[in-house]
Amino acid sequence: MPHQILNWMDIFEDFNETVLLGNGASISVNRSFRYGSLKDHAIDNGLLTRNVQRLFAYFETDDFELILRLVWQANKVNSALAIMDEQTRLAYEHVRDCLIAAVRSIHPEHFEVEPQFPHIASFLSRFHTVLSLNYDLTLYWVIMYANRQFNGHTFKDCMVHGRFDSDWFRFRESLNAWDRRITLVFYPHGSLVLARNVLEEELKLGSREGVDLLRSILAYWKTGNVVPLFVSEGTSHQKVAAIQNSHYLNTVYREVIPNIGTNLTIFGWGLGEHDIHILRRIRESRVTRIAVSVLGNNQAYCNRVSQMISDNIRREIEVVFFNCESEGCWNRPHA
């Protein structure tokens, strides 16, 4: 029997606790995000040397962040011990410059996506929690835009002076007259705005200059003082290992996801095997209803998602599907 695919406005009143964003959300904002793999994009565009490709093969990963961090740390150790190792330094510089070039070639400019911010902010503001599996700057730009409206609603990322506050739950409390309603925002796989220094301290690189934020972040990377904190690719097992290596990511994974409430909206997430750890972590929550976005009338996708949710959450879950292009949904205006 075919699954019924509803419009967002038919169900939105029943789904207001947590929304989980996948790459489809970014693609709907700008088609430049429609790429299969950051590493493959770099290879296809001649950005990776054979030596660096051998590093990816040796460590059995496609994760740019991991490879960059490994050669960055090796280069820092060599410098501290006055060990002359030109190969390691060149490898680090090449991986870094390649990542910068890849991100710059894929990521849209602020002005290209800014007209969609009001619609996205309106959609997100109805939720108590936003989880984004995307590492691009779209969501960060949107919450900066939304918080400048001073309309009684505030988005908070639980960062204080650029550092994550482990007592994240306290940010749900309203402390001022202008944040009567609050939405907390988390990045379970990291973000371009997050980085770590040589002491493994994690920080947010975001500034008030939203328009120039991408260039500012890439300039930070270029200094060699920090490396980005995001998990871009790899198997589910590899992603969990990377998550456990970060205080911020691990806190979101262990504490935030199990506390997402009783209803969950999924927008633009394909529920692929490489992200199955997220679905299994949702099993630890109190979720009883899940709304999943669908492009067109893709019944095969509906069948696969229903089965994956059943197999991995392992309890009775009500699953409804909605048209990702319907009125009021994500970047679609409300009539």
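Coordinate-derived values only; no laboratory data. Note that the structure is a prediction, hence the values are computed from the model and not measured. Cβ sites come from the backbone with ideal geometry, for glycine too, and all protein chains shown count toward neighbours.
List of remarks:
- Distances between placed amide hydrogens fall under 5 Å for Lys156 paired with Thr183, Leu184, Val185, all partners being 5 or more residues away or on another chain.
- Relative to the Cα centre, the charge distribution of the chain, modelled as +1 at Lys and Arg Cβ and -1 at Asp and Glu Cβ, gives a dipole magnitude of about 320 debye.
- Convex hull volume per residue in cubic angstrom - Cα atoms of the stretch 203-289: 141 Å³
- Calculated diffusion of the chain, Stokes-Einstein form, Kirkwood radius summed over Cα pairs, 37 °C and 0.692 mPa s, µm²/s: 158 µm²/s
- The stretch 190-318 - share of DSSP beta bridges that are antiparallel (%, nearest 5): 60 percent
- Simple rule: put +1 on each Lys or Arg Cβ and -1 on each Asp or Glu Cβ in the stretch 38-106, find the dipole, and look at Leu66, Leu81, Ala42; the Cα lying farthest toward the positive end is Leu81.
- DSSP bridge orientation in the chain - percent antiparallel, rounded to nearest 5: 25 percent
- Temperature 10 °C, viscosity 1.306 mPa s: under these conditions the Stokes-Einstein estimate for the stretch 122-233, based on its Kirkwood radius over C-alpha pairs, is 108 µm² per second.
- Coordinate range along principal axes, alpha carbons of the stretch 235-335, Å, largest first: 43, 29, 26
- Residues whose placed amide H lies under 5 Å from that of Leu229, excluding near-sequence neighbours: Ser191, Leu194, Ala195, Arg196
- Ascending count of other beta-carbon atoms within 10 Å, so fewest first, for Ile83, Ile11: Ile83, Ile11
- Simple Cβ-charge dipole of the stretch 84-188, Lys/Arg +1 and Asp/Glu -1, about Cα centre, in debye nearest 20: 580 debye
- For the chain, calculated [θ]222 nm from helices alone, where every DSSP H run of n ≥ 4 adds -39500 (n - 2.57): -11500 deg cm²/dmol
- With N as its number of residues, the stretch 75-133 has a Cα radius of gyration that, divided by 2.2 N^0.38 Å, comes to 1.95.
- Average projected area [Cα convex hull, the stretch 1-85], square nanometres: 11.1 nm²
- Dipole of the chain [Lys/Arg +1, Asp/Glu -1 at C-beta], most positive-end residue of Leu205, Val231, Val113: Leu205
- Size of charge dipole - the stretch 38-106 - debye, nearest 20, with Cβ of Lys, Arg +1 and Asp, Glu -1, no other charges: 160 debye
- Kirkwood's formula applied to the C-alpha pairs of the stretch 38-106 gives a hydrodynamic radius of 12.2 angstrom.
- Ranked by how many other Cβ atoms sit within 10 Å of their own Cβ, fewest first, the residues Thr49, Thr138 fall in the order Thr49, Thr138.
- Charge dipole (the chain, unit charges on Cβ, about Cα centre) - positive-most of Gly152, Phe171, Tyr253: Phe171
- Fewest-first ordering of Arg280, Arg148 by other beta carbons within 10 Å of each residue's beta carbon gives Arg148, Arg280.
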